[in-house]
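Some notes on the structure that comes next.
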Amino acid sequence: MPAAAGAALAVVGGAVFWSPGSAGAAPTERQVRAGFTAVAVGDIAEQCTADDSSCEHPKTAAQVEKINPSFVMTMGDNQYDDARLQDFEDYYDTTWGAFKDKTRPVPGNHETYDPEGPLAGYKAYFGDIAYPDGKSYYSYDQDNWHFVALDSNSFDDSAQIDWLKADLAANTKKCVAAYWHHPLYSSGEHGNDPVGRPVWKILDEAGAELVLNGHDHHYERFAPQDADGNADPDGMVEILAGTGGANPYKIEEVQPNSEKQLTGTFGVVKLNFADAGFSWELIGSDGQAADTSPSYDCR
């Protein structure tokens, strides 16, 4: 799954450029020309505004504006603490709301705490963007990629699992990425959350490449692995990015196959997607790359 040694894909102005390095065949002309950039992050809007210099979600939103991605994936806990509609309007909307029309969100556990009912404020704020088919999970395509947005609050719902299997069976795109809130693997304070293991297995068996999560308030990337935590060059890559603005968590126990962990760094993941591969950078709130990934090929 990792790209050939010395090879690299870079996205400049929305186009993908290939640097062959010392090994690896050059991609086709279509692979060179095709490409797009997306942003992903979770755990975003604390109840603060830009008037407070310690408020981080205005700073991470500023990086999204600079990147100007094709779309934005939010991996839950979009608004703290109880994700009420009024809080979305008072805080999230003042910063990340600038990208609402091209945001593809999923809910986190904080969205379930709304006194008006689980996901009430989340649904009221995002509307059909978050519920395009009347459900809190959905999928969409961009170029040669299929994206699956899942609600990990209800992974025990057989309807969502059945929908996921049918969605993947109907997919015609070469590359697949999925995202939800609770990570199967994490070195942070919440640790590993087994709620995602059945979903991980379904995605892995379908040949998916990439999983994106939040929940723990740090950044982490993992080498390809299977649902049982075994290193597997043909497995899936996980990115954990709970770095959108919420109070940072500690790194507690570094997990097998974890290649990088950062805490206390706020920022967004800038994902570079090509027809047959992907790579990414963690762009800190200071605009600098805090981490750069290897390049990976789609399976």
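Every read-out reported here was derived from the displayed coordinates using simple, explicitly stated rules and does not represent laboratory data. Since the model is a prediction, treat every value here as computed from it, not as a measurement. FYI the Cβ positions are ideal-geometry reconstructions off the backbone, even for glycines, and counts take in every protein chain you see.
Which of Glu111, Glu238, Glu205 moves most in a GNM of the chain, Cα contacts under 10 Å?
Glu205
On a straight-distance basis, which lysines could pair with Lys250 in a cross-link, Cα separation under 16 angstrom, same-chain partners fewer than 8 positions away excluded?
By straight Cα distance, Lys250 reaches Lys260.
Per the Kirkwood formula on distinct C-alpha pairs, the Rh of the chain is how many angstrom?
Computed over Cα pairs of the chain, the Kirkwood hydrodynamic radius comes out at 19.0 Å.
Counting Lys +1, Arg +1, Asp -1, Glu -1, what net charge surrounds Ala130 among other residues with beta carbon under 12 Å of its beta carbon? Write down the numbers at each step before the final one.
Working: positive: Lys100, Arg104, Lys123, Lys135; negative: Glu111, Asp128, Asp133, Asp151.
Summing Lys/Arg as +1 and Asp/Glu as -1 gives 0.
Classify the stretch 170-286 as rounded, prolate or oblate, taking a ≥ b ≥ c as the square roots of the eigenvalues of its Cα gyration tensor: rounded when a/c is under 1.5, otherwise prolate if a/b is larger than b/c and oblate if not. Don't jump to the answer; show the numbers that get you there.
On the way: a/c = 1.92, a/b = 1.33, b/c = 1.44.
Cα axes put the stretch 170-286 in the oblate bin.
Taking the highest mean first, how do the peptides 176-183, 43-50, 206-213 order by number of other beta carbon atoms within 10 angstrom per residue?
Working: 176-183: 26.6, 43-50: 21.4, 206-213: 23.2.
Descending packing order for the listed peptides: 176-183, 206-213, 43-50.
For a quick check: with amide H placed at 1.01 Å from N, whose amide H comes under 5 Å from His215's, ignoring anything fewer than 5 positions away on the same chain?
Close amide H contacts, sequence-distant or interchain: Asp43.
To the nearest 20 Debye, how big is the dipole of the stretch 172-299 about its Cα centre, given +1 on the beta carbon of each Lys and Arg and -1 on that of each Asp and Glu?
On the way: 9 positive and 20 negative charges, 67 e Å.
It works out to roughly 320 debye.
Give the relative contact order (percent, whole number) for the chain; include only Cα pairs under 8 Å separated by 6+ residues.
Reported as a whole number, the value is 21 percent.
Please get the size of the charge dipole for the chain, origin at its Cα centre, with Cβ charges of +1 on Lys and Arg and -1 on Asp and Glu, quoted in debye to the nearest 20.
Numbers: 20 positive and 47 negative charges, 238 e Å.
For the chain, the charge dipole is close to 1140 debye.
Across the stretch 69-217, how many lysine pairs separated by 8 or more positions, or lying on different chains, have Cα atoms within less than 28 Å?
Count of close lysine pairs: 20.
Show me, for the stretch 42-52, the HN-Hα J-couplings you get by feeding each phi into the Karplus relation (A = 6.51, B = -1.76, C = 1.60, θ = phi - 60°), rounded to Hz, glycine and proline as x.
x, 6, 10, 9, 5, 7, 8, 10, 5, 5, 9
At a threshold of 8 angstrom on Cα-Cα distance, excluding pairs fewer than six apart, so keeping six or more, what relative contact order does the stretch 160-261 reach in percent? Show your work: numbers first, answer last.
Details: 204 pairs, mean separation 29.7, N = 102.
Over the stretch 160-261, the number comes to 29 percent.
Given the Cα-Cα distance of Ile161 and Gln47 and 0.36 nm per residue of separation, how much length would full extension add, in nm?
Values: separation 114, 0.36 × 114 = 41.04 nm, distance 3.38 nm.
Taking 0.36 nm per residue and subtracting the Cα distance, the gain is 37.7 nm.
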